[in-house]
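Contents: one structure, followed by commentary.
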Amino acid sequence: MPERSPSAAQVAREIGTTAATLRRWVARGLIPQYDGRWAPAAIAHARLVARMRERGHSLEQIRAAGDSGRLAFGYLQGLFPSGEPTHTLEEAVADTGLEAALIERILSTLGLPAGAVDRISESEIELLRYSAAVLVAGLPLIAFLQLVRVYGQALAQMADAEVRLFHMYVHEPLMREGVPGVQMAEEMQDLAARLLPLTSPMMDLVHRRLLAHFVDQDVIGHMEAELDPRDRLALGHLRVAVAFADLAGYTRLTEELGDDQAVDIVERFVSNVANTLPDDARIVKTIGDEVMVVGTDAGALVDWAVGFQALHTTRPLPRIGMHFGEVLYRDGDYYGREVNQASRVSARSGAGEVLVTRDVVEAAGSHLDFELIGDVRLKGFSGATELFLARAKED
C-alpha cells in the first residue's frame, strides 16, 4: 500500500510556515515539484522557499532562482534522514543513561548548534546511544571527549568539501549549460543518491588502514621510549620533532600570478610534502601556504627536510624550520613552547634553507652538515636560541 503523503498543514508545520502561505506558493508556481501530493522533493523545495523568505528575498527573486537551477542543490536534503527534533533533553537522559550536562557537552563538542539540546532528533539519540556504549566499554571520558572534538572537526571539513566540490563540478556546470531547474535537480539528486551510499564504506576502509599504520607507529614509539628515560613524560605529553614549511615570497607570488595559479602551486607543494614524508611523520595542519609536520624521529625528519629542499630549484623555494622537544597533545593537535619555537625558527629561515635547533642536531645522523648560524633571539622567547643551517655533506 503506497505511503500517504503529508497534508499541507503537516508540511507547513515542518518548515515553519502556514498552510495558507504554502498554498499561495503552490499557486504562484514556486513549488514546481508539487503534483497534488507532498513528495520529498516538493517538501525540500518548500523548505528552501521558506528559508529564502526568512532572509528577505521576494517571491519573484525566489522564482527566478528556482528557474535557473540555483536552488537545485537544496533538493538533496530529501536524501538525508529527517533532522526534525523529536526528543527532549530529559528523554535523551532516560534513553541513554548519560547525564544532561554530558549530553550538552557531546553535542556542542561535535559542533552542533547551541540550541541542539533543546529538542533532539532521532539520529542524535542514536549517536548518544553509541557514545554511552563507548564509555561503558571503558574508554576514559577525557579521551572520549577529545575524540569527539576531533571527529566533529574532521567530519565538518569533509562535509564542507563534499558540498563545495559537488557544487563546483556538478551543479555549476549544469547551470552554465542552461539545464532547466527541475531537470537539474533530478539529475543531481540521482547522482547524489548513487554516490552517498559509497562514502561511508570508503571512509571506513581509509580509517581502518590509517588506524593500523598509527598503531604500528605507536608500538615502535613506546619501545624506543623505554630505551631513553627522558621520554617517560607526563600523561598527555610527547617528545616529537616539529617542522614548519612554507613557500618564500608567496604573498608576492599571488600578486604576480593571481590567486588561482598561486593556489595551484600551494596544492602541489602540500602534496609534495605529504608524499615524501618519512613513515613516522604526518601533516598536522595547513594554514595558507604553511604546513605543520610532526614526527617521532627527529633524525628522519631532518633528513627529509634536507632532501626535500634538494628537489626544488625554481621559485618559489620552500623554507623549513625544525625543533625537537616536549609538546602537549590535545584534540589531535600539538601545543606548547616547543611548537612555538619551531614556528619561530621557520620564520627566520630563508628560501631553500633548513634551519634547526641544537636539539635536532643532536638527534641527527653524521651524514649531514650543520653550520652554526649563531645565537638568535626569537620573537616571544627571552633567551637566545642556537640555530644551525642543515645541509647534506659534500662528497
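Return the residue satisfying two criteria in turn: it lies in the stretch 116-164 and is of a type in the set (Lys, Arg) and assigned to a helix (DSSP H, G or I), and of such residues it is nearest to the chain's Cα centre (by Cα).
Taking the stretch 116-164 as the starting set, the residues that turn out to be of a type in the set (Lys, Arg) are 119, 129, 149, 164.
Right, trim to assigned to a helix (DSSP H, G or I) and you get 129, 149, 164.
Working: ARG129: 25, ARG149: 11, ARG164: 13 Å.
The qualifying residue nearest to the chain's Cα centre (by Cα) is ARG149.
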Of the residues that sit in the stretch 140-153 and are surrounded by 13 or more Cβ atoms within 10 Å (Cβ to Cβ) and of a type in the set (A, V, I, L, M, F, W, C), which one is nearest to ALA100 (Cα to Cα)? LEU145
Looking at (1) surrounded by fewer than 21 Cβ atoms within 10 Å (Cβ to Cβ); (2) closer than 28 Å to VAL215 by Cα, which is the one condition that is false for VAL327? (1)
Evaluation of ASP35 against (1) surrounded by fewer than 16 Cβ atoms within 10 Å (Cβ to Cβ); (2) in a helix (DSSP H, G or I); (3) more than 36 Å from the chain's Cα centre (by Cα) (one fails), failing number: (2)
Since HIS87 meets every condition but one in (1) more than 30 Å from MET188 (Cβ to Cβ); (2) modelled with pLDDT of 90 or more; (3) not charged (D, E, K, R), which condition does it not meet? (2)
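Per-residue answers, yes or no, for (1) within 25 Å of ASP280 (Cα to Cα); (2) touching a His at 6+ places or on another chain (Cβ under 8 Å); (3) assigned to a loop (DSSP other than H, G, I, E, B):
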site	(1), (2), (3)
ARG315	no, no, yes
PHE324	yes, no, no
LEU328	yes, yes, no
GLU338	yes, yes, no
SER343	yes, no, no
VAL356	yes, yes, no
ASP369	yes, no, no
ILE373	no, no, no
PHE381	no, no, yes
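Could you grab me the full set of residues in the stretch 166-189 that are in a helix (DSSP H, G or I) and exposed (fewer than 11 other Cβ atoms within 10 Å of the Cβ)?
To start, the set of residues in the stretch 166-189 that are in a helix (DSSP H, G or I) comprises 166-176, 181-189.
Hits for the stretch 166-189 are MET168, TYR169, PRO173, ARG176.
Going through ASP246, ASP280 one at a time, which residue ends up being surrounded by 17 or more Cβ atoms within 10 Å (Cβ to Cβ) and under 20 Å from ALA363 (Cα atoms)? Walk me through it before giving the result.
Numbers: ASP246 fails: under 20 Å from ALA363 (Cα atoms).
Residue meeting the stated conditions: ASP280.
Given the criterion in contact (Cβ under 8 Å) with a residue 60 or more places away in the chain, small (Gly, Ala, Ser), surrounded by fewer than 17 Cβ atoms within 10 Å (Cβ to Cβ) and not assigned by TED's automatic domain parsing to the domain that holds HIS45, identify the matching residue among ALA156, ALA193. Before the answer, list the steps.
Working: ALA156 fails: in contact (Cβ under 8 Å) with a residue 60 or more places away in the chain.
Residue meeting the stated conditions: ALA193.
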So PRO113 passes all but one of these: (1) touching a residue at least 12 places away in the same chain (Cβ under 8 Å); (2) over 23 Å from MET203 (Cα atoms). Which condition number does it fail? (1)
Residue hits (the stretch 283-302; at pLDDT below 90 and either among the hydroxyl-bearing types (Ser, Thr, Tyr) or in contact with a His (Cβ under 6 Å, 6 or more places away or on another chain) (or both)) are THR296
Matching option when the condition is touching a residue at least 60 places away in the same chain (Cβ under 8 Å), surrounded by 18 or more Cβ atoms within 10 Å (Cβ to Cβ) and of a type in the set (A, V, I, L, M), among ALA351, ALA298: ALA298
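Does at least one position in the stretch 326-349 carry a residue that is among the β-branched types (Val, Ile, Thr) and more than 17 Å from GLY383 (Cα to Cα)? Reasoning before the result, please.
Just the residues of the stretch 326-349 that are among the β-branched types (Val, Ile, Thr), to begin with: 327, 339, 345.
Adding the requirement that they be more than 17 Å from GLY383 (Cα to Cα) leaves 327.
Yes, the stretch 326-349 contains at least one residue that is among the β-branched types (Val, Ile, Thr) and more than 17 Å from GLY383 (Cα to Cα).
Specify which of the listed residues (VAL345, VAL361) is of a type outside the set (D, E, K, R), more than 32 Å from the chain's Cα centre (by Cα) and under 21 Å from THR296 (Cβ atoms). Talk me through it step by step, then tell me what you get.
On the way: VAL345 fails: more than 32 Å from the chain's Cα centre (by Cα).
Exactly one residue qualifies, and that residue is VAL361.
Does at least one position in the stretch 257-268 carry a residue that is closer than 30 Å to LEU141 by Cα and of a type in the set (Asp, Glu)?
No, every residue in the stretch 257-268 fails to be closer than 30 Å to LEU141 by Cα and of a type in the set (Asp, Glu).
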Residues in the stretch 338-345: is at least one under 30 Å from GLY152 (Cβ atoms), hydrophobic (A, V, I, L, M, F, W, C) and surrounded by 17 or more Cβ atoms within 10 Å (Cβ to Cβ)? yes
For the stretch 51-72, give me the residue count where each residue is over 34 Å from the mean Cα position of the chain (by Cα) and under 19 Å from VAL163 (Cβ atoms). 0
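The values are calculated or read from the model by the stated rules, or taken from the named source; none is laboratory data. Given the structure is predicted, the values throughout are model-derived calculations rather than measurements. Here Cβ is always computed from backbone atoms with ideal geometry, including for glycine, and neighbour counts include all displayed protein chains.
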